[in-house]
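In what follows, a structure is listed as structure tokens, so that the remarks can point back to it.
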Amino acid sequence: MNKKLATTLLTLLLLGAGALYAQTTDHKARFERQVKAVGITGVGVETILDRWEEEKPDDPELLEARFSWCFAKSQKSVIIPLEREKYMGQEPVLSLKDSTSATGKKNYFEDTEFDPDFFKQASRYIDKAIRLRPDELRYRFDKISSLTAYEKESPDLACEAIRTLIDYHASASVKWTYDGKEASDKVFKDAIQEYCYTFYVIGSPRSYEAFKTISEKMVSYWPKETMFLDNLGTWQLVVAKDSKQALKYYKKVLKIAPDDYIAIKNTIIIARSGKDTKLEKKFLPKLISVSTDEKEKKAAELRLESLKSRKK
């Protein structure tokens, strides 16, 4: 995995390690102070965790802290050479000429290697936390985020975990909490969209498939959720390269949310690629209205003026 994505996921996990409940234990307070001072795998952290575990082996906060420690210990940053322009959605950190390469150069990317034993330990801890507090979303997301990091370009287990979670959310009368506080339906859906975005950024065939699969699952339960309809339009446009099908999804979105930026922007892209000036002229004013990017708005205004000045 690229270092940026791994770091982002780990940051989310570490934030969760100390986030639950307003009242903190002495062990938790010591753990948080030590992590802040030396890092999650620094000197003294494991000792605090050992003492915490001796006293409260079934404390969900301890289990999440243990999970975070094991997950961090499982990782090692490496540089890998690949004859590709991107890896995990990231640009290479270094490119060198290479006469043996088909492209005449070799690209070097940051990646993360995982120690399977430490990763298994991390999984056991977070699985136990989930069993003890099945209504706490933070633990569920810890598990999914770790799988996403571990599986890299083939997020099959992560995708299946999300699909299962969506089914459970849709069919059960569960009252989720997040950081110990009641979590709204929006919190759940926004989090699922973040995973969709992660899979899209990874940009591998299987991550794209996960992006599509999860979006389809969400739309099957919530057919008017525009962000997931947008996802399916984007999959058709970018991955399947089927502009006609993509446009159908964007039209659905715009019937529900006429000011949806993604649907408007991508409809214009489709119109321009298909040389459909009538469609482009229809949506350029909408883009000018909804865009928050001044450069984009200016470019759209100039393009609209250019189209209007052309002879019919």
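Things to note:
- Scanning segment 179-199 for residues that are farther than 16 Å from Leu165 by Cβ, in a helix (DSSP H, G or I) and in contact (Cβ under 8 Å) with a residue 60 or more places away in the chain yields a count of 0.
- Qualifying positions in segment 200-215 - open to solvent by less than 30 Å² (accessible area, probe 1.4 Å), farther than 12 Å from Arg163 by Cα and in a helix (DSSP H, G or I): Ile202, Ser207
- Subset of segment 135-157 [open to solvent by less than 20 Å² (accessible area, probe 1.4 Å) and among the acidic types (Asp, Glu)]: Glu136, Asp142
- Among the residues making up segment 138-152, a single one is among the acidic types (Asp, Glu) and over 14 Å from Lys128 (Cα atoms): Glu151.
- Among the conditions (1) surrounded by 16 or more Cβ atoms within 10 Å (Cβ to Cβ); (2) more than 17 Å from Gln75 (Cα to Cα), Leu132 misses just one, which is (1).
- Selection within segment 164-199 - touching a Ser or Thr at 6+ places or on another chain (Cβ under 7 Å) and surrounded by fewer than 20 Cβ atoms within 10 Å (Cβ to Cβ): Ala183
- Taking (1) under 26 Å from Ile202 (Cα atoms); (2) open to solvent by 70 Å² or more (accessible area, probe 1.4 Å) in turn, Gly104 satisfies each apart from (2).
- Qualifying residue in segment 260-267 (condition: open to solvent by less than 50 Å² (accessible area, probe 1.4 Å), without any contact (Cβ under 8 Å) to a residue 24 or more places away in the chain and either of a type outside the set (D, E, K, R) or not in a loop (DSSP other than H, G, I, E, B) (or both)): yes
- Of all residues in segment 121-163, those satisfying the criterion of being within 18 Å of Ser207 (Cβ to Cβ) and of a type in the set (Val, Ile, Thr) are Ile144, Thr148, Ile162.
- Scanning segment 48-66 for residues that are part of a helix (DSSP H, G or I), without any contact (Cβ under 8 Å) to a residue 40 or more places away in the chain and in contact with a helix residue (DSSP H, G or I) (Cβ under 9 Å, 6 or more places away or on another chain), we see that the one that is most open to solvent (accessible area, probe 1.4 Å) is Arg51.
- Test for Met218: is it within 19 Å of Asn266 (Cα to Cα) and either open to solvent by less than 60 Å² (accessible area, probe 1.4 Å) or free of Cβ contacts under 8 Å to residues at least 40 places away in the same chain (or both): no
- Qualifying residue in segment 115-127 (condition: among the β-branched types (Val, Ile, Thr) and in contact with an Asp or Glu (Cβ under 8 Å, 6 or more places away or on another chain)): yes
- So Ala257, is it of a type in the set (A, V, I, L, M), open to solvent by less than 80 Å² (accessible area, probe 1.4 Å) and in contact (Cβ under 8 Å) with a residue 24 or more places away in the chain: yes
The values are calculated or read from the model by the stated rules, or taken from the named source; none is laboratory data. Nothing here was measured: the structure is a model prediction, and the numbers come from that model. Heads up, the Cβs are rebuilt from the backbone with ideal geometry, glycines too, and the neighbour counts pull from every protein chain shown. Surface areas here come from the heavy atoms of the whole protein model, side chains and all, with no ligands, DNA or RNA. Shrake-Rupley method; radii C 1.70, N 1.55, O 1.52, S 1.80 Å.
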